[in-house]
1. For the Cα atoms of chain A, what angle does the longest principal axis make with the long axis of helix A:163-173, in degrees from 0 to 90, nearest 10?
2. How high is the relative contact order of chain A, in percent, counting Cα pairs under 8 Å that sit 6 or more residues apart?
3. Can you put A:ARG194, A:ARG371, B:ARG10 in order, fewest other beta carbons within 10 Å first?
4. Explain nothing, just compute: Karplus ³J(HN,Hα) = 6.51 cos²θ - 1.76 cosθ + 1.60, θ = phi - 60°, for every residue of the stretch A:25-39 in order, whole Hz, x for Gly and Pro.
5. Just to verify a number: FRET efficiency for A:LYS148 and B:ALA184, C-beta to C-beta distance, R0 = 41 Å, to 0.05?
6. Calculate the mean, over all residues of peptide A:244-252, of how many other protein chain Cβ atoms lie within 10 angstrom of the residue's Cβ.
7. As I understand it, the dipole of chain A uses +1 on the Cβ of Lys and Arg and -1 on the Cβ of Asp and Glu, about the Cα centre. Which of A:THR74, A:VAL64, A:MET99 lies farthest toward its positive end?
8. Calculate, for A:GLN110 and A:LYS211, the FRET efficiency according to 1/(1 + (r/R0)^6) with r their C-beta to C-beta distance and R0 35 Å; round to the nearest 0.05.
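Taken together, the values in this text are just the output of simple stated rules run on the coordinates, not laboratory data. This structure is a prediction, so every number in the text was calculated from the model and none was measured. Cβ placement follows ideal geometry from the backbone for every residue including glycine, while neighbour counts extend to all protein chains displayed.
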Amino acid sequence: MKKFALFTFVLVLLLPLLGTAMAKTSLEVWIMQPGNQDVEKLLAQAKADFQAKNPEVEVNLQFVPWLSAWQKITTAVAGGEAPDVCELGTTMTPFYADMGALLDMTKYVQAWGYAKDLDPGVLESAVMDEKLFGVPWYAGARALVYRKDWFAEAGIKSPPKTWDEFLAAAKAIQQVDKNGKVIRYGFAFQGNGRLTWLPFIWQNGGEIGYKKDGKWVSGMNSPEAIEAIRFYADLLLKHKLSPEASVTWSALNARQAFALGTCGMLIEGPWGLPPIYNANPEIASKIGVCLLPGKKKMATFVGGSNLVVFKQSRQKDLAAEFVHLLMGDKYQLELAKMLKFFPGRVSLQDDTAFKSDPILKVFAEQMKYGRSLPAAPGWGSIEKLDVPGVMLQKILTGQMSVEQAAAWAAEKMNDLFNP
Amino acid sequence: MVALRVALKRYGFPYALLLPALLGVGILTLYPLLNTFWLSFHRYNLLRLGQAPVFTGLENYRRIFSDEFFWFVLRNTGLFAGGCVLATMALGVGVGCLLNVPFRGRTILGVAVLLPWVIPKVAAGIVWKWIYDDQYGILNFILTKLGFDFQGFSWFSSAPIAFLAVGVVVVGQSFPFIALSILAGLQAISPEIMEAAAGDGAGPWQRFTLVTLPMLKGLLLILTILSTVWDFKVFDQIFIMTEGGPAQSTYVMGIYAWMTAFGEMQMGRAAAIAMVMFAILAVITLIYLRIARSGEGLE
């Protein structure tokens, strides 16, 4: 009896092992929490599609919150439990690539015929040492959103194309009541929104950071960057084209100010428009969009995501195949429409859905001037400490001159760039 | 053998009872403290997960002490914590005494005072951030309705005002505990003593300063130490409301240590900052205790 009990016990212990041996291959796919049920449904459908095509595979789809993504993915990589396929933000990709955790996707992308079809802005974040460590999944860029009605009242014929025209337009639409109190501000300034103003440095021919002799170097204290920082800071400091409180405004505050009719111009992406329409439905018909003004050239920051395959994956070809599915026409277009971003494949950005919409058309045009932030492993630290934002606020609060602040930022960035 | 058993029975039992508590303290306090101490002499970057911490001796401390920003943050923390402790103690003692006086609506006041204390700090930080918001915050709205021009006023654009705004929240959340403790202390003072003092001709103010306060001295001292410790390492509300901004001007030691650890990923240097905080608080506590002891000698 005792023997029988023991036998049964051992059998029960062994059963799960047997189950594992017969189970399907499992493919771990981690996607950032979209916060959008339609997107979740779309991805569930992609999972079903993939499993129908590969009956031996069980796709394990997980949504990872953006806020805990760094932590969760880093822990997984350190513990040898990295997912097969993962979505990574543009600032996260270089970090894991530098760590040596990502698979070079070049040969797959070439086989799919997408090598020349990937969004250049997002691509900048995925390329390191001429290897491709991620495939741009979706992308979005900020342009200049303005009040058509205010422009018309001020007699502005066409939206600004250069810095000078931009400044003139902001001054022209700013209005003061008889007591000298500003009732309409020209521009929604963001003291806490580095992604909106860092492109001014690119527009002036400067660099935020660049690689020199294998090391990352800050470009903040170059003459071009200093001129750009001064131009932007002066919008608030000298010309007072935005409320004083905008020293600490983030994208959300600026959006609010534009929606409430406090400010007449805003640097914003297509994803920011629905919240504005929600806050103030009347404004929808009064909004115009134009390309960000340029100085020496045109430029904007492109945000978005890459799809990556981790080197730890035991089924790299299968993982790549899942990426291929998500990069196909159907899923690329559906996802882009839901997220209000653009497809990672350039050829699809010209889709009629974007071309026929007068506002989306401008954002699509703006993408052609898109760039990524420095693809340096230390950029994450620079963002968390918000070195550019602190630099700008040091100028705005009068603690430092533009030159001093730029030198401070350059030193801090050089320290953090190469950990 | 018998002797050992007797000894165990006699002395072992109390230690056996202490063991769980000691284990808890050891795991939750002592180990992290010693580990932080050890880490503070090493270079350990979170971005380089594969590399073990490298021993660098006093380098982390040298770097912190030679950084002007550290002294700026230390001064910030000292001023902010000092102000908060004063305000917390004054409000706490005042409200505690008020609650000890029987009057109608005392229970309601008691509950109202306790409420901010039960709200989690992060939640309070978020709610107050909305209240202070320059565009749609209710505070600016009310102040403007009252006839002051606070429309679009920014509570977080300059360090002194931002510290004031955050301080209100920190004090509001910490004084109820003081008030409650003082109330308990007051109720432990027997009415006969007060009657005797009144019989000897002491007025209310004299009774308060010459009888009540000296009798609460031990309690006041402990409460002051506690709120000094709490306010010196304040983190949550500032992190939520200003994130140390604008331009790092509302950095306090807690934020500084956190940013060094999880922003710069320099765990070793962050550990050193934490150790400096620990040392400062240890010294302050010792000074308080010394004052208390010398006071006893005088009486």
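1. In chain A, helix A:163-173 runs at an angle near 70 degrees to the longest axis.
2. Once normalised by length, the contact order is 25 percent.
3. On the way: A:ARG194 23, A:ARG371 20, B:ARG10 9.
Ascending number of Cβ neighbours within 10 Å: B:ARG10, A:ARG371, A:ARG194.
4. 5, 9, 10, 7, 10, 10, 10, 5, 3, x, x, 8, 5, 4, 5
5. 0.05
6. 5
7. A:VAL64
8. Working: r = 25 Å, r/R0 = 0.71.
Efficiency, from the Cβ-Cβ distance: 0.90.
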